[in-house]
Amino acid sequence: MPIYPSVRDHGVSLCERAGYDVAVHDDSGGPSALATPNDDAVGLVDATDPRPVAVEPLTEANVGPDGLIPRFVNAVREGRDCLFVVPSTEAMGTTLTQMVATVLGEPPCLAADGPDGRQFYNGPDRVPLSDGTYACARAPASDLQWREVRVDQGRPRLELGVGTEVVAVLEHVDSLADAGRHAFQHAYRRADNGQFEVTAGGDVIERFPGPTAMRRGGYPPVPMPLVPEHLFPEDADHSRWAVCQPDGGTDVLTADGLSAWG
């Protein structure tokens, strides 16, 4: 993952000043740096509960749900707090710090949570189907929205929509583990000759030389929704995160608000 060294170094400096020993990792197999608390360390999320910290520097390109949530999940699964460090820039008038807080704050890791059900962020993975193909849709990937719809006293069904149009329906979120081909109008597969074939009703309707051409041709893969209970441990604490930026000094934003740390 490309990072700005100054962004990573700001997070490292904060941790060291708060009483942590920090090991920097240049490979891509985990967080950019790991901070281990000393006996007199100040905790990131709870000052009285210092835990190991995964330092995750971000660029403008990965300050979004599909970049944030998987990194946060990895930290929680390893028993670590997660410190996101973002560049001191804005996107559409919103600071990147605010964008991180929006994704990870209430409702935690959800686009929305209301009486009729939840709306999910799209993740980086694709939706595999029961026949070995993958779901795709005749709509821009950014317009695809997974949401729950409560229709009775049972579990809410899961719908994939584009605006007010419903393009796929599953029984519930757990159905994503074995989604039936019948639930989607379009799917794709990689043929023996390496081409990507888009199918509808069992027939091949388009062929593309690769996934980029398929997207440009109007058939992007359907993204897997980021469903919190599918990602986090059952007893996960979704508040164990913080975000800072180099021009913020020692200011760190957590789920409980802004504080000085480090």
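Could you check how many percent of all C-alpha pairs in the range 112-230 are farther apart than 19 Å?
Working: 3137 of 7021 pairs.
Value for the range 112-230 (Cα pairs over 19 Å): 45 percent.
Put +1 on the Cβ of each Lys and Arg and -1 on the Cβ of each Asp and Glu in the range 204-262; which of Ala236, Pro246, Val222 then has its Cα farthest toward the positive end of the dipole?
Of the candidates, Val222 comes out farthest on the positive side.
With θ set to phi - 60° and the Karplus curve 6.51 cos²θ - 1.76 cosθ + 1.60, what are the ³J(HN,Hα) couplings of the range 246-256 in order, to the nearest whole Hz, using x for Gly and Pro?
The phi angles translate into x, 7, x, x, 8, 5, 10, 9, 10, 4, 8 Hz.
P(r) of the range 25-117 in 5 Å steps, Cα pairs, percent per bin?
It works out to 3, 12, 20, 22, 19, 13, 7, 3, 1, 0, in whole percents.
Report Rg/Rh for the range 7-72, rounded to two decimals, where Rg is the Cα radius of gyration and Rh the Kirkwood radius.
That ratio equals 0.99.
Taking the Cα centre as origin and putting +1 on Lys and Arg beta-carbons and -1 on Asp and Glu beta-carbons, what dipole magnitude results for the chain, to the nearest 20 debye?
940
Where in the chain lies the longest segment free of GluC sites (Glu not before Pro) that are both loop residues by DSSP (not H, G, I, E, B) and have at most 16 other Cβ atoms within 10 Å?
On the way: sites that count: Glu78, Glu171, Glu234.
Counting at most 16 other Cβ atoms within 10 Å as exposed, the longest clean stretch of the chain is 79-170.
Assigning unit charges at the beta carbon (Lys, Arg +1; Asp, Glu -1) and nothing else, what dipole magnitude in debye, to the nearest 20, does the range 136-262 show about its Cα centre?
Charge dipole, the range 136-262, about its Cα centre: 620 debye, nearest 20.
Of Val169, Ala139, Thr212, whose Cα points farthest to the positive end of the dipole of the range 112-230 (charges on the beta-carbon: +1 Lys, Arg; -1 Asp, Glu; origin at the Cα centre)?
Final value for the positive-end residue is Thr212.
Cα-based Rg of the chain per 2.2 N^0.38 Å, rounded to two decimals?
Details: Rg = 20.7 Å, N = 262, 2.2 N^0.38 = 18.3 Å.
Normalised Cα radius of gyration, the chain: 1.14.
Every read-out reported here was derived from the displayed coordinates using simple, explicitly stated rules and does not represent laboratory data. The shown structure was predicted, so the numbers you read here are calculated from the model rather than taken from an experiment. Because the Cβ atoms are built from the backbone with ideal geometry, glycine has one as well, and the counts that use them run over all protein chains shown.
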